[in-house]
1. Filter the stretch 207-221 down to residues that are of a type in the set (S, T, N, Q) and free of Cβ contacts under 8 Å to residues at least 24 places away in the same chain and give me whichever is most open to solvent (accessible area, probe 1.4 Å).
2. Contact list please: Cβ distance under 9 Å, first residue in the stretch 4-18 and without any contact (Cβ under 8 Å) to a residue 12 or more places away in the chain, second residue open to solvent by 100 Å² or more (accessible area, probe 1.4 Å) and part of a loop (DSSP other than H, G, I, E, B), pairs at least six apart or on different chains.
3. Given the criterion within 19 Å of Ser88 (Cα to Cα), touching a Pro at 6+ places or on another chain (Cβ under 9 Å) and modelled with pLDDT of 95 or more, identify the matching residue among Ala35, Ala42.
4. Can you list residue pairs whose Cβ atoms sit under 6 Å apart, with the first residue in the stretch 55-80 being more than 14 Å from Ala42 (Cα to Cα) and the second being surrounded by 15 or more Cβ atoms within 10 Å (Cβ to Cβ) and among the aromatic types (Phe, Trp, Tyr)? Count only pairs 6 or more apart in sequence or on different chains.
5. May I ask you to list pairs of residues, at least six apart or on different chains, whose Cβ atoms are under 6 Å apart, with the first in the stretch 187-206 being farther than 11 Å from Lys169 by Cα and the second being hydroxyl-bearing (Ser, Thr, Tyr)?
6. Output the qualifying pairs, or none if there are none: Cβ atoms under 6 angstrom, residues six or more apart or on different chains, first residue in the stretch 23-40 and hydroxyl-bearing (Ser, Thr, Tyr), second residue surrounded by fewer than 21 Cβ atoms within 10 Å (Cβ to Cβ).
7. Any idea which of (1) of a type in the set (Val, Ile, Thr); (2) open to solvent by less than 10 Å² (accessible area, probe 1.4 Å); (3) more than 20 Å from Ile121 (Cα to Cα) is the one Thr203 doesn't satisfy?
8. Could you tell me whether any residue of the stretch 19-28 is of a type in the set (D, E, K, R), in contact with a Ser or Thr (Cβ under 9 Å, 6 or more places away or on another chain) and farther than 30 Å from Ser155 by Cα?
Amino acid sequence: MSITPEFVKGLLKSEDIGKRLHAVNQIRTLKPKIAFELIQTAIGDTNTRVRYSAISQLDTLGNQNLDISLDILRDHLLNDPEPDIQASAADCLGALKLTQAFPDLQKIYETTNEWIVQFSIIAALGELGDNRAFKLLKSALASENELIKIAAVSSLGELGNMEAIPLLKRYTNNPDWQFRFRLVQALNNLGGSEAQRILEKMTQDTAELVSAEAQRSLQNF
């Protein structure tokens, strides 16, 4: 049986949550223009799981209309009561490079008590590509949450601001090998002679995976 827009519309109106969730999954099989129209219905669903599944699809469908996507994602970042949905909205804003939302991302990062939301915002800032994020990423390096710190390292590498290199250099002896692994990747993304010197030292890292990644990265210089 082929899935039609009419079939999906019918499922989205069902009182059965399972059927509505099924509808959101089936939206992936439709043409992007039609899928974008239908996903907006699901995003307004009262059920958290349905809403989350729908919002998560905007990272790809959102390009159908960036203005509408920006409005939707901003609204759910700022106002949705579910932290997971706020986090997903942040992810999508980064994926779509909607730099207009940077002030909102910064506001929520600085006011929320939900670590998953903070983590998603920091992780999204590198992909967002807005250099205004540099200061916020710098502050995230001092977070008490190790996952947020690791996300900040990765995003600094993606952002491409060379001022990050002296900041990252301070963390080459971080006790967490996963942190140091991400640090190597960030330095590789940033490039330049100073990053190369740091990577050369990190080829002697006590963790084999870190030293191997540093050696591999140096092949790009």
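1. Of the stretch 207-221, the ones of a type in the set (S, T, N, Q) are 211, 215, 217, 219-220.
Among the residues that remain, those that are also free of Cβ contacts under 8 Å to residues at least 24 places away in the same chain are: 211, 215, 219.
Details: Ser211: 15, Gln215: 97, Gln219: 146 Å².
In this case the residue turns out to be Gln219.
2. If the second residue must be open to solvent by 100 Å² or more (accessible area, probe 1.4 Å) and part of a loop (DSSP other than H, G, I, E, B), no pairs are left.
3. Details: Ala42 fails: touching a Pro at 6+ places or on another chain (Cβ under 9 Å).
Result: Ala35 is the single residue among Ala35, Ala42 that is within 19 Å of Ser88 (Cα to Cα), touching a Pro at 6+ places or on another chain (Cβ under 9 Å) and modelled with pLDDT of 95 or more.
4. So the pair list comes out as Gln64/Phe36.
5. Correct list of pairs: Asn188/Ser217; Thr203/Ser211; Asp205/Ser211.
6. Thr29/Ile3
7. Of (1) of a type in the set (Val, Ile, Thr); (2) open to solvent by less than 10 Å² (accessible area, probe 1.4 Å); (3) more than 20 Å from Ile121 (Cα to Cα), only one is false for Thr203: (2).
8. yes
The values are calculated or read from the model by the stated rules, or taken from the named source; none is laboratory data. Please read all numbers here as calculations on a predicted model, not as lab measurements. Here the Cβ is made from the backbone with ideal geometry for all residues, glycine too, and neighbour counts use every protein chain on show. These area figures cover heavy atoms from the full protein model, side chains too; ligands, DNA and RNA do not enter into them. Shrake-Rupley method; radii C 1.70, N 1.55, O 1.52, S 1.80 Å.
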